[in-house]
1. Can you tell which of Asp213, Asp173 is surrounded by fewer than 17 Cβ atoms within 10 Å (Cβ to Cβ) and at positive phi?
2. For Asp173, only one of the following conditions fails: (1) closer than 15 Å to Val264 by Cβ; (2) free of Cβ contacts under 8 Å to residues at least 24 places away in the same chain. What is its number?
3. Which residues, counting only those in segment 251-260, are assigned to a strand (DSSP E or B) and surrounded by fewer than 21 Cβ atoms within 10 Å (Cβ to Cβ)?
4. Go through segment 148-164 and report how many residues are within 8 Å of ligand 1 (Cβ to nearest atom) and hydrophobic (A, V, I, L, M, F, W, C).
5. When you look at Leu196, is it in a strand (DSSP E or B) and under 30 Å from Ala163 (Cβ atoms), yes or no?
6. From the list Asp235, Asp173, Asp187, which one is over 21 Å from the mean Cα position of the chain (by Cα), more than 9 Å from ligand 1 (Cβ to nearest atom) and over 23 Å from Tyr109 (Cβ atoms)?
7. Which one of these does Arg19 not meet: (1) within 22 Å of the chain's Cα centre (by Cα); (2) over 23 Å from Phe285 (Cβ atoms)?
8. Going by what's in this entry, would Gly267 be described as in contact with a strand residue (DSSP E or B) (Cβ under 9 Å, 6 or more places away or on another chain) and within 13 Å of ligand 1 (Cβ to nearest atom)?
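The values are calculated or read from the model by the stated rules, or taken from the named source; none is laboratory data. A quick note: this is a predicted structure, and the numbers were derived from the prediction, not measured. All Cβ positions, glycine included, derive from the backbone under ideal geometry; neighbour counts span all protein chains shown. Keep in mind that these areas ignore ligands, DNA and RNA; they rest on the heavy atoms of the full protein, side chains included. Shrake-Rupley method; radii C 1.70, N 1.55, O 1.52, S 1.80 Å.
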Amino acid sequence: MGPTMTLTILFCADPLRPRRVDEHFHHEAETLRASGGAPVLLDLEALRRGEVTEAVRRVPRGIGALWYRGWMLTAAEYHALAKALAARGAPLMTPPDGYQRAHELPGWYATFAGLTPASVWLPLLPRETPARAPLAAAAGRLPQGPLVVKDYVKSRKHEWAEACFVPDSADTDALVRVVHRMVELQDDSLSGGVVLRAYEDYATGEARVWWVDGDPVLVGPHPDSPGADAFPDLDLVRPAVRALGCRFVTTDLARRADGVWRVVEVGDGQVSGLHRGADVGDLYFHLPDPG
Ligand SMILES: Nc1ncnc2c1ncn2[C@@H]1O[C@H](COP(=O)(O)OP(=O)(O)O)[C@@H](O)[C@H]1O
Ligand SMILES: [Mg+2]
């Protein structure tokens with residue numbers, strides 16, 4: 001075991017056993033506890049119902065600054081959570097604007113322009129179907145060729161042909177069909193709006209790089225693509241990560257067929273999935289510990 005830490009991390013509670021950490025994060029919480037840190041519990045379902053005081057009732061008052069590790073929150077949920085925690089003397093280490101900047105593509109895109117596929121977006125409400133003309137106009141701002149469709153946070157990559165990939169950006173019928181299907185499948189969980197991205201030919205799976213205060217602290221395969229083996233060129237990405245100004249973020253990197261490493265997406269480290277076998281203790285050891 002490594003050195004003792006006094007880190008506090010807010011984990012989602014198990015919905016059925018509210019005094020326990022959610023099964024998915026159990027190993028992370030146990031690793032934290034074993035090295036002297038303190039897991040505390042969030043009632044995620046209460047937060048999602050809008051009962052934010054209820055959601056944080058198990059967080060000890062005055063416990064001091066903490067990190068969150070758990071399921072993705074919307075920017076609005078994170079904002080409400082941050083406010084309730086601050087009022088309890090337990091402020092989140094990442095402020096709400098920082099969370100939104102790292103979590104949603106329009107937040108990080110300009111900072112990573114040139115390192116990531118060209119992208120355009122249209123704000124949308126969940127289940128709102130965008131009109132044909134603005135979609136065609138948005139696609140027209142990208143180089144002609146294949147497109148990838150997603151919302152501000154997630155794609156429907158497992159429904160690739162149906163709801164994620166458009167073979168030709170000039171084929172407006174196909175564009176409208178794929179975007180409408182993506183919106184339909186995202187349903188209530190559509191984040192922010194629709195994003196269209198120029199398709200790039202990647203030669204590798206993705207490596208997920210975890211950054212703390214602008215330095216890479218853990219590199220591993222993306223949890224969804226365990227085969228990724230290559231070592232990404234981090235010197236290319238570091239200045240952008242620093243410019244983003246968020247303390248704890250991830251970048252998913254793939255090597256393009258022409259050999260250039262590309263940023264497929266950026267995420268807030270609090271809600272990024274860790275690959276199996278990652279050294280959780282080492283990651284936590286690098287997280288700033290207020291106290
Ligand atoms: N511009 C692109 N060019 C080629 N493939 C892409 C592009 N954008 C996404 N992909 C593929 O689709 C997958 C999902 O896209 P991503 O932006 O990572 O969304 P998600 O948040 O759902 O993981 C990526 O892992 C990658 O394989
Ligand atoms: Mg991804």
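1. Of Asp213, Asp173, the one residue that is surrounded by fewer than 17 Cβ atoms within 10 Å (Cβ to Cβ) and at positive phi is Asp213.
2. Among (1) closer than 15 Å to Val264 by Cβ; (2) free of Cβ contacts under 8 Å to residues at least 24 places away in the same chain, the lone unmet condition for Asp173 is (1).
3. At the first step, the residues of segment 251-260 found to be assigned to a strand (DSSP E or B) are 251-256.
Within segment 251-260, Arg255, Arg256 meet the criteria.
4. So the answer is 4.
5. Details: in a strand (DSSP E or B): yes; under 30 Å from Ala163 (Cβ atoms): yes.
Answer is yes for this residue.
6. Working: Asp235 fails: over 23 Å from Tyr109 (Cβ atoms); Asp187 fails: over 21 Å from the mean Cα position of the chain (by Cα).
Just a single option satisfies the conditions, and that option is Asp173.
7. (1)
8. Working: in contact with a strand residue (DSSP E or B) (Cβ under 9 Å, 6 or more places away or on another chain): yes; within 13 Å of ligand 1 (Cβ to nearest atom): yes.
Judged against the criteria, Gly267 is a match.
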